[in-house]
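Structure first, commentary second.
Read the figures in this text as sums done on the coordinates, not as results from a lab. Since we're looking at a predicted model, the values are computed, not measured. Here Cβ is always computed from backbone atoms with ideal geometry, including for glycine, and neighbour counts include all displayed protein chains.
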Amino acid sequence: MEKRVVDKLDAYIEGQVSVDGFCRTILVEQSGNRLLSKGWGLANREHLVPNQIETKFRIGSVSKQFTAAAFLLLQEQGKLSINDKLSRFINDYPNGDKITIHHLLTHTSGIPNFTNFPEYRSMARVFSPPELTITHFKHLPLDFNPGERFFYSNSGYIVLARIIELVTGECFSDFLDKSIFKPLGMYNTGTDNSVAVLLNRASGYKVWGNYVHADYLEMSIMTGAGGLYSTVEDLYLWDIAFYSDMLLSEKSRNLMMTPQVVVNGATNYGYGLNISNEVILENSLQTHKVIGLSGAVDGFMTEYQRFINEDLLIIVMSNVHPSQPAVILKDVARIVWGEEVAIPQSSKNIIVNHSPYDCFTGKYLSNNKKIYPYNNN
């Protein structure tokens, strides 16, 4: 059974490769059985370097779960509480006595999302650690009263990164490295920057007719919100740790996985994680509980999702934006569960003999009742 599933997965992905080039790395694991872990396409198109399981991708908002985990870890250490007010840490922050860490973690703070600002593109080209990034939105009016509703805001996670720095006396990247990544053996995960020479780093691309380089992004501006890089194997290590007592207590993990706010009818948000009930099988109304995140940052897209009741983990990482990792993930899940999924096939040019239709060539007029040819020579 397992071999048949693996063969079908291989056939499906090879079909994708023939259609769109398929620059991705995928890991599939169910109940402790590794069904797939492999890279396809090119990590760097200029030097023809292939994607492998060791390839490091920027993971965008998949980073947010690590920021949330850091706060739960600090709470367990008695250094803060998720109910603390922002003013405890940044005493001159406007409305800081109304905004709590809970609001920041759940996108309910009302702080405007700076990545939606018209000037974001110019901001994103210069070095901007959390303390500086905050100045771009700190004194703007709130979009709504804290706790009033959900509105996705990267700004809140920038503020969270700054709080971690103030509480620990360390830069955000050092704290995550020391407290999460190294203890879990995640040696291929970290905060990205454009200065360091990073072994096996993928280049990011976008499709603009042809493949072109993604826009430059100074990754410091995404610290806490989407600034990490990782590999499929490192995210797998994280998944093992997260669903055990290796890092966080059961109480803290449950807080992260408990729906704190409704995003839409099918999806809720915990602390740094989406909790959703999705229809995956095409001819079924059965929903599947899925916990994870999607991430997108210039040139990269990532899906990290665990199907809880089926004990199935799927990670899809791509260095082309836009691509369709969410579609690939659902197709992979369907294959694992035995559903027939069409194998993608590249289109073929069809040669048509036009001569039988030459007599219909000409110009046509319409009087709204009928269409008829006319000769204007």
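Among (1) 26, 24, 23; (2) 41, 27, 22; (3) 36, 25, 19, which is the computed semi-axes √(5λ) of the Cα gyration tensor in Å?
Correct label, based on the coordinates given: (2).
Give the shape of the range 205-270 as rounded, prolate or oblate, defined through the alpha-carbon gyration tensor: a ≥ b ≥ c are the square roots of its eigenvalues, a/c under 1.5 means rounded, and otherwise the shape is prolate if a/b is larger than b/c and oblate if not.
Prolate, since a/c reaches 1.5 and a/b exceeds b/c.
Where is the GNM fluctuation largest for the chain (alpha-carbon springs, 10 angstrom cutoff): 237, 72, 27?
With Cα springs under 10 Å in the chain, the top fluctuation among 237, 72, 27 is at 237.
State whether the range 1-52 is rounded, prolate or oblate according to the following rule on the C-alpha gyration tensor (a ≥ b ≥ c being the square roots of its eigenvalues): a/c under 1.5 gives rounded; otherwise a/b larger than b/c gives prolate, and the remaining case gives oblate.
oblate
Starting from the Cα gyration tensor of the range 218-362, take the square roots of the eigenvalues, sort them a ≥ b ≥ c, and report rounded, prolate or oblate (rounded when a/c is under 1.5, otherwise prolate if a/b is larger than b/c, else oblate). Working shown, then result.
Numbers: a/c = 2.61, a/b = 1.94, b/c = 1.35.
In terms of gyration-tensor shape, prolate.
Can you give the angle from 0 to 90° between the axis of helix 2-20 and the longest principal axis of the chain, with both taken from C-alpha atoms, to the nearest 10?
70 degrees
Summing Lys, Arg as +1 and Asp, Glu as -1, what charge do residues with Cβ under 11 Å from the Cβ of residue 241 carry, residue 241 excluded?
So the environment of residue 241 carries a net charge of -2.
If I model a spin label at residue 127 and residue 34 as a point 7 Å from the Cα along the Cα→Cβ vector, what separation in nanometres do I get?
3.9 nm
Can you give me the relative contact order of the chain as a percent, contacts being Cα pairs under 8 Å and 6 or more apart?
Normalised by residue count, the contact order of the chain is 22 percent.
Based on alpha-carbon centroids, what's the gap between the range 226-286 and the range 162-189 in Å, whole number please?
If we compute the Cα centre of each part, the gap is 20 Å.
For the pair residue 210 and residue 353, what calculated FRET efficiency results from E = 1/(1 + (r/R0)^6), where r is the Cβ-Cβ distance and R0 = 35 Å, to the nearest 0.05?
Given R0 = 35 Å and the Cβ-Cβ separation, E is 0.65.
Charges only on Cβ, +1 for Lys and Arg, -1 for Asp and Glu: so what's the dipole of the chain about the Cα centre, in debye to the nearest 20?
In total the dipole reaches around 780 debye.
Run down the lysines and flag those whose C-alpha is under 24 Å from the C-alpha of residue 178, throwing out any fewer than 8 positions away in its chain.
56, 64, 79, 251
Calculated from DSSP H runs of 4 or more alone, at -39500 (n - 2.57) each and per residue, what is the 222 nm mean residue ellipticity of the chain, nearest 500?
It comes out at -7500 deg cm²/dmol, rounded to the nearest 500.
Anyone know which of 31, 244, 194 comes out most mobile in the 10 Å Cα GNM of the chain?
31
Give a quick list of chymotrypsin sites (Phe, Trp or Tyr not before Pro) in the range 198-228 that DSSP marks as loop, anything other than H, G, I, E or B, with at most 15 other Cβ atoms within 10 Å.
Passing sites in the range 198-228 are 216.
Mind checking which of 181, 213, 259 is farthest towards the positive end of the range 135-262's charge dipole, using Cβ charges of +1 (Lys, Arg) and -1 (Asp, Glu) about the Cα centre?
The listed residue farthest towards the positive side: 259.
So for each of 135-144, 321-330, 221-230, 118-127 I average, over its residues, the number of other beta carbons within 10 Å; can you give me the resulting order with the highest mean first?
Working: 135-144: 13.6, 321-330: 18.5, 221-230: 27.8, 118-127: 12.0.
Peptide ranking by packing, descending: 221-230, 321-330, 135-144, 118-127.
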